[in-house]
1. Dipole size in debye (nearest 20) for the stretch 1-149 around its Cα centre, Lys and Arg Cβ +1, Asp and Glu Cβ -1?
2. Roughly how many whole Å is it from the C-alpha centroid of the stretch 31-94 to that of the stretch 108-124?
3. With Cβ to Cβ distances under 14 Å as the rule, what net charge do the other residues near residue 38 carry (K, R +1; D, E -1)?
4. Tell me the net charge near residue 85. Cut-off is 14 Å between Cβ atoms, residue 85 excluded, with +1 for each Lys or Arg and -1 for each Asp or Glu.
5. Under the rule of -39500 (n - 2.57) per DSSP H run of 4 or more residues, summed and divided by the residues of the chain, what mean residue ellipticity at 222 nm is obtained, to the nearest 500 deg cm²/dmol?
6. Relative to the longest principal axis of the C-alpha atoms of the chain, give the angle of the C-alpha long axis of helix 126-141, reported between 0 and 90° and rounded to the nearest 10°.
7. Taking only the alpha carbons of the chain, what extent do you get along each of the three principal axes, in Å, biggest first?
8. Give the relative contact order (percent, whole number) for the stretch 11-163; include only Cα pairs under 8 Å separated by 6+ residues.
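Values in this text are rule-based calculations from the coordinates and carry no lab data. Nothing here was measured: the structure is a model prediction, and the numbers come from that model. Cβ placement follows ideal geometry from the backbone for every residue including glycine, while neighbour counts extend to all protein chains displayed.
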Amino acid sequence: MSIIETNSTDSPITLAQMQANLRLPDGMDEDLLNRLIPAATHYCELVTNIATRNKTVVATYIGPNTLYDLKYKAATVTTVKINNVATTNFTNYLGGNPGYVQIDDTIEASDIVQITYTVTGITTHEALNECIIAYASALYNNPEGLSEMDMRRINFRLRTISQ
């Protein structure tokens, strides 16, 4: 399986929120913080499978399945292709997190299935937003890398959110 995500540039966390959390004056380390916020956002989305940014996802699968899990709760399924040919013989189930697509066509073991879908980011998930800030802050305060204990603490918080 291969997943390619095209994220919007929006983030639920602002530079001002990060500066306030770190107690930094305006203008200090803005370039660094502007790199840490998307990195922390991406990591938190990866662990929880909860999208905080609008995005387009192209998922590519190989094999004879009829059910394909989507990585996130999808807003719409744009296209489904089998061996680069669009099909309309599918049903999408977008209510769950993640959603899934059921394909009614016969799919052979060597067939390539490509599903393109859009995701509407959840910007108001306070617990997830706090984890993004905590992770970005930990990266800022530990440029040499996070300790195993820090990573366990952050991953524990993220896993409790995704349950």
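1. Numbers: 7 positive and 16 negative charges, 50 e Å.
Dipole size: approximately 240 debye.
2. 4
3. Values: positive: 35, 53, 55; negative: 5, 10, 30, 31, 45.
Taking every Cβ under 14 Å from that of residue 38, the sum is -2.
4. Details: positive: 81; negative: 105, 108, 111.
In short, -2.
5. Details: 4 runs with 58 residues, N = 163.
That calculation yields -11500 deg cm²/dmol at 222 nm.
6. Long axis of 126-141 versus the principal axis of the chain: about 60 degrees.
7. 59, 29, 26
8. It rounds to 30 percent for the stretch 11-163.
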